[in-house]
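Undergrad: First the structure, then my questions, so here it is.
The values are calculated or read from the model by the stated rules, or taken from the named source; none is laboratory data. Predicted model, so just to flag it, every value in this text is computed and none were measured. All Cβ positions, glycine included, derive from the backbone under ideal geometry; neighbour counts span all protein chains shown. Ligands, DNA and RNA are excluded from the accessible area calculation, which covers all protein heavy atoms including side chains. Shrake-Rupley method; radii C 1.70, N 1.55, O 1.52, S 1.80 Å.
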Amino acid sequence: MVVGRRRGEPEQGHGSGISIGGNNNAPNQNVVGQNISHVYQSASVQGAVDVETVRDLVASFRADVQRNEAGLANASVLRAMADSVDTSLAAPDGQVGALRGIAQALPALVAGTVVQQGGDALANALAGWLS
C-alpha cells in the first residue's frame, strides 16, 4: 500500500469532438456525435461601445437586410428598426427607451435568418452602449 500518492487524472484524448476555448477550426460535434454548424459566439461588451461603432453596425446591418431582402419574411420590420436606431441616435435625448426596445427585440427577429450575425452584433452593441 502506498500512502500519500494521488491517483492520476485521466488524460483528455484528441479527437473527442469537444473543445472549450482555443482555436478550433474542425467541425464541432455535440455529445451524440451530430455535426453542429452555423454557431456564432458573441460576447457582451458592456460599456465599451461608442456611438460611432453603433452607427457602423447599423449601416452594415441595413446593407445585409437590403442584400438579402428576398429571403427575409420581415425585411420591412428590420429596415424600420435600423431607421429607428438612426433616428434615435440623432435625437438630442438619444431616445433610450426606443433603443433598449430594439436591442431586446432584434435578436428574436433575426434568429435563424441570414442576417442573424449582424442583427445580434447590433443588439449587443446597443446594449453595451446603453449600459
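Undergrad: Give me the pairs: first residue in the stretch 105-125 and hydroxyl-bearing (Ser, Thr, Tyr), second residue outside any helix (DSSP H, G or I) and open to solvent by 40 Å² or more (accessible area, probe 1.4 Å), beta-carbon distance under 9 Å, and six or more apart or on different chains, which are they?
TA: THR113/ASN68; THR113/ALA73
Undergrad: Taking the residues in the stretch 79-99 that are outside any helix (DSSP H, G or I) and either open to solvent by less than 60 Å² (accessible area, probe 1.4 Å) or not acidic (Asp, Glu) (or both) as candidates, determine which candidate is modelled with the lowest pLDDT.
TA: Initially, the stretch 79-99 is screened for residues outside any helix (DSSP H, G or I), giving 91-95.
If we keep only those that are either open to solvent by less than 60 Å² (accessible area, probe 1.4 Å) or not acidic (Asp, Glu) (or both) as well, we get 91-92, 94-95.
Numbers: ALA91: 83, PRO92: 70, GLY94: 63, GLN95: 81.
Looking at the filtered set, the residue picked out is GLY94.
Undergrad: Related question: Select from the stretch 100-131 the residues that are within 11 Å of the chain's Cα centre (by Cα) and outside any helix (DSSP H, G or I) and write down the one among them that is farthest from ARG62 (Cα to Cα).
TA: By that ranking, first place goes to ALA111.
Undergrad: ALA70 is checked against (1) of a type in the set (A, V, I, L, M, F, W, C); (2) surrounded by 12 or more Cβ atoms within 10 Å (Cβ to Cβ); (3) at pLDDT 50 or above and fails just one. What number does that condition carry?
TA: In the conditions (1) of a type in the set (A, V, I, L, M, F, W, C); (2) surrounded by 12 or more Cβ atoms within 10 Å (Cβ to Cβ); (3) at pLDDT 50 or above, ALA70 misses (2) alone.
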